[in-house]
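The values are calculated or read from the model by the stated rules, or taken from the named source; none is laboratory data. For clarity, every value in this text was computed on a predicted model and none was experimentally measured. Ideal geometry is used to build each Cβ from the backbone, glycine not excepted, and the neighbour counts take in all protein chains shown.
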Amino acid sequence: MKKKELSIKQKDADKDLNIIVFFTLIPLIIYLVFGNNIMSFAKTSGLNIWIKFIPIILIQFGLAGLGSLIVILYRKEKLKEYGLVKNNLFKTVILSMIVCIPSLIFLLVNNEVKSYFPLKGCFFTEMFLHANFPTNLLGYLFIVLIWGFMEGINYVVISKKINDRYISKNKWLNYGAIVCGIVCILIHGMIGFDSYTIFEALTTFILIYGMIVIKENTNNAWGCILIFLLYWNAI
């Protein structure tokens, strides 16, 4: 049986995905090999906060943004092509809040909601907030940019490229969203067969899958970014 020829769009998406995977694997391997040393260095007292912060932010940017940014620049794409638009913003925000509910219920049931502050779960957030001005402002803005904006848009770019490469005939069967949900679960170590880990992984998958499907149906990606900025690591 003759193999179906890929379209130009599919071939481009294939190449883009290879670029993203390659530039994501580099920092991932570095972190797997030197992660303990990097974190120990970041916790060293007496060192300038920026010196400790630079290795962490470079690893994070490499894992959640570098590959996608290279593809966007290489293809000379505009961010509005990925849903950074004003259209359907209110609808997107409301629907994105709804897909957070299972995850929030899980955290409440397990008594893990102690306080709320955007991106407080990031290692350096509290450290920067206790620093003097303008270090506190600049440091927090970097965290917002990399852990909030870039991580959110990274999932959008990856899911779009997967869906461009592997086209689904069912609008609710979103291959990109499925892969992004699984990747998020694996990256954050939600692997196990106890009830806690199973429900944590399930609610996380619903969150990631849901935000991507919402983006696909509203053509607005701000919900994905706001989830990482205002919910993920915020409670």
Residues in region 178-200 that are farther than 16 Å from TYR82 by Cα, of a type outside the set (Ser, Thr, Tyr) and in a helix (DSSP H, G or I): how many? 12
Lone qualifier among ASN136, ASN154 - being without any contact (Cβ under 8 Å) to a residue 24 or more places away in the chain and either assigned to a helix (DSSP H, G or I) or closer than 22 Å to ILE208 by Cβ (or both): ASN136
Would you check if there is a residue in region 201-209 being buried (at least 23 other Cβ atoms within 10 Å of the Cβ), part of a helix (DSSP H, G or I) and not hydrophobic (A, V, I, L, M, F, W, C)? no
Where ALA131 falls short, out of the listed (1) part of a helix (DSSP H, G or I); (2) under 17 Å from SER45 (Cα atoms); (3) touching a Gly at 6+ places or on another chain (Cβ under 7 Å): (1)
Among residues belonging to region 32-72 that are surrounded by fewer than 18 Cβ atoms within 10 Å (Cβ to Cβ) and aromatic (Phe, Trp, Tyr), point out the one that is nearest to PHE124 (Cα to Cα). TRP50
Could you tell me which residue of region 82-127 is modelled with the lowest pLDDT, considering only residues that are within 24 Å of VAL157 (Cβ to Cβ) and of a type in the set (Lys, Arg)? LYS86
Within region 123-174, restricting to residues that are of a type in the set (S, T, N, Q) and over 30 Å from LEU6 (Cβ atoms), the one that is nearest to the chain's Cα centre (by Cα) is THR125
Quick check: is even one residue across region 36-44 hydroxyl-bearing (Ser, Thr, Tyr), out of contact with any Phe, Trp or Tyr (no Cβ under 9 Å at 6 or more places or on another chain) and either at pLDDT below 95 or not in a loop (DSSP other than H, G, I, E, B) (or both)? yes
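Taking region 42-93 only, how many residues are more than 30 Å from THR218 (Cα to Cα) and among the small types (Gly, Ala, Ser)? If you could, list the steps in order and put the result at the bottom.
Step one: list which residues in region 42-93 are more than 30 Å from THR218 (Cα to Cα), which gives 42-59.
Checking which are among the small types (Gly, Ala, Ser) leaves us with 42, 45-46.
Summing the residues that are more than 30 Å from THR218 (Cα to Cα) and among the small types (Gly, Ala, Ser) in region 42-93 gives 3.
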Condition (residue is farther than 21 Å from ILE158 by Cα and either free of Cβ contacts under 8 Å to residues at least 24 places away in the same chain or crowded, with 16+ Cβ neighbours inside 10 Å (or both)) applied to region 16-30: is it met by at least one residue? yes
Spot the failing condition for LEU119; the list is (1) closer than 25 Å to ILE72 by Cα; (2) in a loop (DSSP other than H, G, I, E, B); (3) within 15 Å of the chain's Cα centre (by Cα), and only one is missed. (1)
Can you name the residue in region 73-85 that is without any contact (Cβ under 8 Å) to a residue 40 or more places away in the chain and part of a loop (DSSP other than H, G, I, E, B) and is also surrounded by the most Cβ atoms within 10 Å (Cβ to Cβ) among such residues? GLU77
